[in-house]
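K.L.:
First the structure, then my questions, so here it is.
The values are calculated or read from the model by the stated rules, or taken from the named source; none is laboratory data. Not measured: the values here are computed from a predicted model. Using ideal geometry, Cβ is built from the backbone for each residue, glycine included, and neighbour counts are taken over all protein chains shown.
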């Protein structure tokens, strides 16, 4: 617009200057060509030349524009389709976010041939198809995404793995991630997804192989990696125990890094498996070494429940922990258990009563009642049972009213039986508090 205005002003100035120049004398021009001759003024000749130039310029410009019209029309149509594709993509993503899966899929595929980035369209359409349970369409869109952008193997593969995991196709997701691991071995998100998938599948050995690199690349927080390592070793211990071979279980325990052998969760898992295989002495050694390195009440409780071959020696070891923990009710209860197995009734009663004085528990009263009955103190045994039942009643009173909680699928009243009491020899992670239903003979 500014150039046109400048040209108009320049032309007007030129015409004005020429008019002033030729106002007094228009000049004379004679042009002869063969038998032809033209006589005119200089002013008219200049105006004629100017007109001819303008007419020629406009004619040439018209011809050029006419020649360019098809290409310009095609470019306009392409831009129009691109605008339509952008609008359809935006609307499709909004529909996807709103959970309108069918509408989102339809919009995302509309005008996709004109899309500036068809990868986004196909990946989003694959998610919409999966939400509708159309796994065949999902896989087809993923293939089209790969064909549309051949260099986006990792992006398409990660989306495929995420969708497969969401669709509970774990084995397919594992194959996808392993392929990505081959083509992008340094990709941190691929490594992170592979670690989490092995965890979900319970593939503990491959998970342990990946953890050093995961720790080096910091794909997860240090505490999360530590918990993963503990979980993986615990899983391997349980798998080894299920094989029923104590030697294999012991060999695996030697593979566990020494700092992790002191972890209460792993020590408990190893002790349980050893006890289940009849290796009580090895189980006692695992718990004792772990407690020597790291005090933990779960280990203490498990040690008290372990039926060692020599309970007197076991009691002597456990009494050594009283120094610094003489007021620990869990330790005192464990000492009471061991003393009962050693048939040291006086010590057992003293430890049990001391534990109950600090922290009354149903299980503690049950053990004390069984001990008192064994020694012939029936009334005292009944009183201990009553106190244990009172604790059970307090726990029941803390429950919400029946109308505020769902009914159990199978209650004790339906069967006419009560839950069995846990045996002192059973290892557990924490002391239980079942209701006492009767006295127990101390062996």
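K.L.:
Residues that are surrounded by fewer than 16 Cβ atoms within 10 Å (Cβ to Cβ), without any contact (Cβ under 8 Å) to a residue 24 or more places away in the chain and part of a helix (DSSP H, G or I): does segment 180-188 have at least one?
P.N.:
Taking every residue of segment 180-188 in turn, at least one turns out to be surrounded by fewer than 16 Cβ atoms within 10 Å (Cβ to Cβ), without any contact (Cβ under 8 Å) to a residue 24 or more places away in the chain and part of a helix (DSSP H, G or I).
K.L.:
Another question, if that's okay. Answer yes or no as to whether residue 367 is farther than 27 Å from residue 322 by Cβ, assigned by TED's automatic domain parsing to the domain that holds residue 305 and either surrounded by 15 or more Cβ atoms within 10 Å (Cβ to Cβ) or modelled with pLDDT under 65 (or both).
P.N.:
Taking the combined requirement at face value, the residue does not satisfy it.
K.L.:
Failed condition for residue 295, given (1) buried (at least 20 other Cβ atoms within 10 Å of the Cβ); (2) farther than 16 Å from residue 338 by Cβ, with all others met?
P.N.:
Failing condition for residue 295: (1).
Yes/no matrix, rows are residues, columns are (1) out of contact with any strand residue (DSSP E or B) (no Cβ under 8 Å at 6 or more places or on another chain); (2) closer than 30 Å to residue 127 by Cβ; (3) modelled with pLDDT under 75; (4) not in a helix (DSSP H, G or I):
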position	(1), (2), (3), (4)
46	yes, no, yes, no
52	yes, no, no, no
55	yes, no, no, no
64	yes, no, no, no
67	yes, no, no, no
72	yes, no, yes, no
78	yes, yes, yes, no
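K.L.:
For residue 285, indicate whether it is modelled with pLDDT under 95, out of contact with any helix residue (DSSP H, G or I) (no Cβ under 8 Å at 6 or more places or on another chain) and assigned to a helix (DSSP H, G or I).
P.N.:
Yes: the conditions hold for residue 285.
K.L.:
Only helices (runs of 4 or more DSSP H) wholly contained in segment 93-158 count here; list those with 1 or more residues that are surrounded by 16 or more Cβ atoms within 10 Å (Cβ to Cβ) and within 23 Å of the chain's Cα centre (by Cα).
P.N.:
118-131, 135-148
K.L.:
Of the conditions (1) more than 32 Å from the chain's Cα centre (by Cα); (2) surrounded by 15 or more Cβ atoms within 10 Å (Cβ to Cβ); (3) free of Cβ contacts under 8 Å to residues at least 24 places away in the same chain, residue 310 clears all except one; give me its number.
P.N.:
Here residue 310 clears every test but (2).
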